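Encoded as structure tokens, the structure appears first; notes follow it.
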Amino acid sequence: MEQALLTRLESAVARLETLAASGSAPLVSSRDLPGASALDPAISAFEDLVADSLGRVSASAGKIGGQVLDATKILEEAFAALRELLVKAKRSQKPELAGLAEFLKPLNNVMVKANSLTEGKRSDYFNHLKTVADSLTALAWIGYSGKNCGMSMPIAHVEESWQMAEFYSNKILVEYRNKNPDHIEWVKALKELYVPGLRDYVKRFYPTGLAWGSVNSASLSSTSITKAPTASIPASPPPPKAPLCSTESVPSRPKEGMSAVFEEISSGKSVTSGLRKVTDDMKTKNRADRSGAVAATEKRGYTSSFSNNSKASPKFELQMGRKWSVENQIGNKNLIIDDCDSKQSVYIFGCKDSVLQVKGKVNNITLDKCTKVGIVFMDVVAACEIVNCNGVEVQCQVKSCSTMLISMSSQGSAPTVSIDNTSGCQLYLSNDSLGTSITTAKSSEINVLIPGAGPDSDWVEHSLPQQYLHNFKNATEEQKSILGPRIGHCSLPMAKRLIPSLNRILVEKIVPPSKTSAGILLPEKTTKLNSGKVVAVGPGLHCSNGNLIPICVKEGDTVLLPEYGGTEVKLGDKEYVKLLDKNLSRRLPDDAWPPPLVDRVLKLLWNDAPRALLFFRSLLLLPSFQPAASSFDHVVDLAARIHDHRSVRFFLCLRGRLALPPSPRTFAILFERHTSAGKPDRAVRAFLSMHHQGCPQDLHAFNTLLDTLCKSRRVQKAASLLKVFRDRFRPDAVTYNIIADGWCRIKCTSQALEVLREMVELGIEPTKNTYNILLKGFFRADQVKEAMQFFKQMKKRGRKDSPSDSECRPDVVSYTTMVHGLGLTGQLDNARKLFDEMVGEGCLPSVATYNALIQVICKKGCVKDAILLFDEMLRKGYTPNSITYNLVIRGLCHAGKMDEAMEFFNRMKLDGCEPNVQTYTILIRYWLEEGEFEKGLELFGRMGEQESCLPNLDTYNVIISAMFVRRRPEDMLVAGKMVMEMVERGHLPRKFMFNRILNGLLLTGNQEFAKELLRLQEKYRRLHREIRL
């Protein structure tokens, strides 16, 4: 029987080998598997979405052709890549963060390819290309890995991504509304692909993120491939039947699980046959070395050497353009940093038996957990600190080492040397460093070597004491070192060790008090002040000709401290800063801050609200400073703009205690800020409480409230308030003009005309402002024909001699509105004709009229005509303002004439018109759109150099959006740094913008910087109300 069985097996194997050699067995693809897309509802639904919605997009693109068709093909590639990732995810385990970036790489490559189409010079289909490139961000929902990953939920991410792309798609709809319906069809099909197409798909199958497979599912999928039935392989013959009666025993099935374990234990001696026998001399009670006494072990000191982790990989790189990281270098004596600047820092960690040379000036140097490491540097701006190190040698090669907090061998000069948690340090001081103050903490075996008396003398060694003897006599402490005398100022008591030398200054920080000089309590959470009091100054610095340059401040002066730099020392409960006199911001005399100067500074710091509030809080601590009501209005407006409600309440309370009741201007600020924050009811409540605060509740305040509501498009609420308070406040023409303007803002001209009729019925004469508001409202509602008829009626009635009809006569505002409105609707010839008729009607054009005509000419693309009109304006004696220059610069930039725009920018400064933040934002935006990122960022740097023109929220948004064009890792870092800077200046980014930057950092492999952004969000608690990850 056994021979027959072997024969059957051999024949079956021979047939299988024959079929394998002929290649007749069909391969089974993943698409044909029962567990793949054919039966997976998620994959099937995705294929239906691509076939239906994406098919319509492709069909519309085929009609257009050109670059639109190319962009649509890239869109198809992206959806194909997404499908492959969905299939791959079901057969893979969820990877780590680094593995996730590698997993998403195919999709990221397609996105980069799409963004490359938008680079370079603008094409006629730039809006189409930008729409496709920005919409592909929606496919990144597949990278969502949890609520802490820095992304929105998949459904919200798809919607937010399309909102970004919809900005450019709306431009296409406006541009091709009456030209080519194929473009309109393409935009609508693309929108349906994402919303509701992709959004509903994600909501149905992946509402909480991608569904990953497991190891078992992966193995099952591979097993299903190998076990798939094939038609060409015949079934093997059945085995022969066993006889009913057999003398051979049938082997039983082996036991599994715990029963098998117990059976093996019960098998007896065979289990323990391989074990050694325990003899008597092996037993603990018979061992001579175990006497029972506890041996004394050496206590581990606090300065024990740190062992380097041999498994960690060495690192020598520049991170984020700011930080040189040197880590885990062992036995490397040739480490050199020769390309550095004063804004970079050097961080050395975990190195051993290595030498580092820093050839240049850096901001700071830090050595951490290093053993027998030498470092040679040229100059340090802030500090050079060494902690937790053993046997470290540090050498400074120049005399301009401004501030050092180090354990070092110095050939230059260092005002302060701090040795922290160090064992066995050799400190070499040159002749220029003998005045150095030495501070040690938790250190031992510290020796200081100074030069001998002669040039060829040996170094003289001094040991620094570790122990001190303290005696108290007559309530006075006497301190004496046990291990011998110290050097220079080291033997002096605490603060005497910090006597400054040369041009250095010792400043005591001003601790924020709990109340002001007037006895008003400050809030618990007060911003840290950056001011201090000078307690000691150096003799000064000698210049090259030997003359002494004295210090610009004296003891007792109050100064503003720089944000960075200086050596911070804490002695007891007081904090000191030792720094150069040139690093001081300015002196703060008590009587040098009149209210007009304070208001001017606050206006200059409008785009840096935290700094402005810090400046005002510093002034409150000066004994002789008397804040004015206008200053309080400025700081309340600044605090409310950045949603710092605690500071708003504090300043209002402080104002009341100083007998400065809120003014109507104060309440106007509160009305505006409450309404802009989406809380109009609070604005109404503030108005109702005016008389309780000692402020008159009159018609002027009521009109201010109505104007705030109407400008925020809450006209219905404003009209209801007018009906309620009509008997209490007698409305005038200003009141009805505000309501009419509100209806015109929301394009309800019929309601605005009803307001005009109501004015006439109540006997209130309409003013010229009333007619100008209605005229502008017609153009806002695209009612050009009605605007022309209304203007003709104004001219007709204005020719009459009655006083009431004279108010209808068009003035310069009316003509300016007509010129601007006709030009925006494409009737440039009629606008120019009306502009020429103004003088004949006895109405001279103003600068605003010229600005309106220049704007519409530039929009038409006739920049040369706009420049000619600008020159005509100068010949007639008009002085252009910043708006005029900005319009011409924008027109030149839009026409691609960037060099001419920069020439006009320089001409603007020569003509005495200072560029404002809008001027810089326009130039930065177009430089970035032209692909000249370096020029745009350089202009941004020039903008930050002058305090009178700080960047605003629009400037930051322009730069951040441009960084997503190329999607390079370094561009994502720039975008992240911009977010950090704008938050520090009080500008809160939108939720979508913040999440978009986090997504870009994660997709480009910048996980560490993404973590810094998350820590920034945690630092600024108030961001949680605006940004939710």
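Coordinate-derived values only; no laboratory data. Just so it is clear, the structure is predicted and the values come from calculations on it, not from any experiment. Counting neighbours? That spans all protein chains shown, and the Cβs are built from the backbone with ideal geometry, glycine included.
Rg over Rh of region 99-158, using C-alpha atoms and the Kirkwood radius, what does it come to? Each step should come with its number before you reach the end.
Working: Rg = 13.6 Å, Rh = 12.8 Å.
My calculation of the ratio gives 1.06.
Could you sort the peptides 330-339, 778-787 by per-residue average Cβ neighbour count (10 Å cutoff), highest mean leading? Could the numbers behind the result be given before it?
Working: 330-339: 12.3, 778-787: 17.0.
With the highest mean Cβ count within 10 Å placed first, the list reads 778-787, 330-339.
So, with +1 on the Cβ of K and R and -1 on the Cβ of D and E, and no other charges, what is the size of the charge dipole of region 876-967 about its Cα centre, to the nearest 20 debye?
220 debye
Between region 856-928 and region 183-215, what's the alpha-carbon centroid distance in Å?
44 Å
Take residue 629, project a point 7 Å from its Cα along the Cβ direction, then tell me which residues of region 687-704 have their backbone nitrogen under 12 Å from it.
Residues 694-696 fall inside that zone.
Cα gyration tensor of region 817-906, axes a ≥ b ≥ c as square roots of the eigenvalues: rounded (a/c below 1.5), prolate (a/b > b/c) or oblate? Before the final figure, lay out each step's value.
Working: a/c = 2.40, a/b = 1.43, b/c = 1.68.
Since a/c reaches 1.5 but b/c is at least a/b, the shape of region 817-906 is classed as oblate.
Can you flag which of 747/785; 533/570; 776/864 are past 22 Å Cα-Cα? Could you put the intermediate results ahead of the total?
On the way: 747/785 15 Å; 533/570 15 Å; 776/864 28 Å.
Those over the limit are 776/864.
Order these peptides, 690-703, 189-202, by their mean beta-carbon neighbour count within 10 angstrom, highest first. Present the calculation step by step, with values, prior to reporting the outcome.
On the way: 690-703: 14.9, 189-202: 20.0.
So the order, starting with the most tightly packed, is 189-202, 690-703.
Where the only charges are on Cβ atoms (+1 Lys, Arg; -1 Asp, Glu), what is the dipole of region 723-868 about its Cα centre, to the nearest 20 debye?
Numbers: 23 positive and 18 negative charges, 62 e Å.
With Lys and Arg at +1 and Asp and Glu at -1, about 300 debye.
So between residue 716 and residue 688, what do we pick up on full extension, going 0.36 nm a residue minus the alpha carbon distance?
8.2 nm
According to a simple spin-label model (label point 7 Å from Cα along Cα-to-Cβ), what is the distance in nm between residue 825 and residue 76?
4.4 nm
Taking the Cα centre of region 809-860 as origin, work out the dipole magnitude from +1 charges on Lys and Arg Cβ and -1 charges on Asp and Glu Cβ, in debye rounded to 20.
The calculation lands at about 200 debye.
For a protection proxy built on the mean count of beta-carbon atoms within 10 angstrom, sort 671-677, 902-908 highest first, please.
671-677, 902-908
Stretch residue 980-residue 336 to full length: gain in nm at 0.36 nm per residue minus the Cα-Cα span?
So the extension gain works out to 228.7 nm.
Pull up all non-local amide H partners of residue 365: gap of 5 or more, or a different chain, and H-to-H distance under 5 Å with H placed in the peptide plane.
Correct list: 346, 383, 384, 385.
If I take R0 = 25 Å and measure r between the Cβ atoms of residue 109 and residue 1008 in this structure, what FRET efficiency does the formula 1/(1 + (r/R0)^6) give, to the nearest 0.05?
Details: r = 23 Å, r/R0 = 0.91.
So, using R0 = 25 Å, E works out to roughly 0.65.
Given bins 5 angstrom wide, list per bin the percent of all Cα-Cα distances in region 30-224, short to long.
1, 7, 15, 20, 19, 15, 10, 6, 4, 2, 1, 0
Taking 0.36 nm per residue of separation and subtracting the Cα-Cα distance, what length does fully extending residue 677 through residue 47 add?
Length gained, residue 677 through residue 47: 222.4 nm.
Cα gyration tensor of region 701-783, axes a ≥ b ≥ c as square roots of the eigenvalues: rounded (a/c below 1.5), prolate (a/b > b/c) or oblate?
oblate
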